[in-house]
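Everything on this sheet refers to the single structure shown next.
Nothing in this text is a laboratory measurement; each read-out follows from the coordinates by a stated rule. Just so it is clear, the structure is predicted and the values come from calculations on it, not from any experiment. Positions of Cβ are generated from backbone atoms using ideal geometry, with glycine treated the same way; all protein chains shown enter the neighbour counts.
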Amino acid sequence: MRYLTLTYYTKADGKIDEAMAVSKNIRPRDLQTASVILDFKKLQVVKCSMNGVQVPRDWDRIVTYYHQHYEATIERLFAENGYEIVKPEIKTKEPHEESPDTN
């Protein structure tokens, strides 16, 4: 798969619902209805608008935001398109040896 598409719908009660999909190709319908389209082969934002307002197409910022919510899907898309995910090392404190009491 190459593309991640997210579409936001406003329900009758005023709440916003989100639909996420992955696909190999972008269909004309996706370009018309999707709110966000991310291309994981070219690493670019194809479309990004919220309620009709254009949002800056900052790839890193948008992917970082959606990675919090769709971690497995986004990591799979990177891997399928030939990109390696390098996660920062988490440093843990090593336990200090306590010196024996010399009283």
Over the chain, with a Gaussian network built from C-alpha contacts below 10 Å, which listed residue (33, 64, 92) shows the highest mean-square fluctuation? 92
Which part of the range 65-94 falls in the paramagnetic zone of residue 25, meaning amide N under 20 Å from the point 7 Å along Cα-to-beta-carbon? 81
Calculate how steeply helix 59-69 sits against the longest principal axis of the alpha-carbon atoms of the chain, using the helix alpha-carbon long axis, and give the answer as 0 to 90 degrees to the nearest 10. 70 degrees
What residues qualify as long-range amide H neighbours of residue 47, i.e. H under 5 Å apart, gap of 5 or more or another chain, H built at 1.01 Å from N? 37
Positive-end extreme of charge dipole, the range 10-76 - chosen from 63, 37, 51 (charges on Cβ): 37
Could you run the Karplus curve 6.51 cos²θ - 1.76 cosθ + 1.60 with θ = phi - 60° over the range 27-44 and give me ³J(HN,Hα) per residue in whole Hz, x for Gly and Pro? 8, x, 4, 4, 5, 7, 9, 5, 8, 9, 10, 10, 9, 8, 7, 8, 6, 9
Against the longest principal axis of the chain, how steep is helix 71-80, in degrees 0 to 90 to the nearest 10, with axes from Cα atoms? 80 degrees
Mean separation of Cα contacts under 8 Å, 6 or more apart, over the residue count of the chain: relative contact order %: 22 percent
In whole Hz and in residue order, list the ³J(HN,Hα) couplings for the range 11-25 that follow from phi through the Karplus curve 6.51 cos²θ - 1.76 cosθ + 1.60, θ = phi - 60°; x for Gly and Pro. 7, 4, 7, x, 6, 9, 10, 10, 10, 10, 8, 10, 7, 7, 10
Total charge of the residues flanking residue 40 in space, meaning their Cβ is under 10 Å from its Cβ, with Lys and Arg +1 and Asp and Glu -1, is +2
Comparing 63, 53, 45, which has the greatest mean-square fluctuation in the GNM of the chain with Cα pairs linked when under 10 Å apart? 53
Looking only at 15, 24, 91, which one moves most when the chain is put into a Gaussian network model with springs between Cα atoms under 10 Å? 91
State to the nearest 20 debye the size of the charge dipole of the range 3-80 about its Cα centre, where the only charges are +1 on K and R beta carbons and -1 on D and E beta carbons. 300 debye
If you build the convex hull over the alpha carbons only and average its shadow over all orientations, what do you get for the range 3-80? Give it in nm² to one decimal. 5.3 nm²
Give, in nm to one decimal, the length gained when the segment between residue 53 and residue 66 is fully stretched (0.36 nm per residue of separation minus the Cα-Cα distance). 2.8 nm
Work out from phi, with θ = phi - 60° and the Karplus expression 6.51 cos²θ - 1.76 cosθ + 1.60, the ³J(HN,Hα) of each residue of the range 81-92, listed in order in whole Hz, and give x for Gly and Pro. 9, x, 10, 8, 9, 10, 9, x, 6, 9, 7, 10
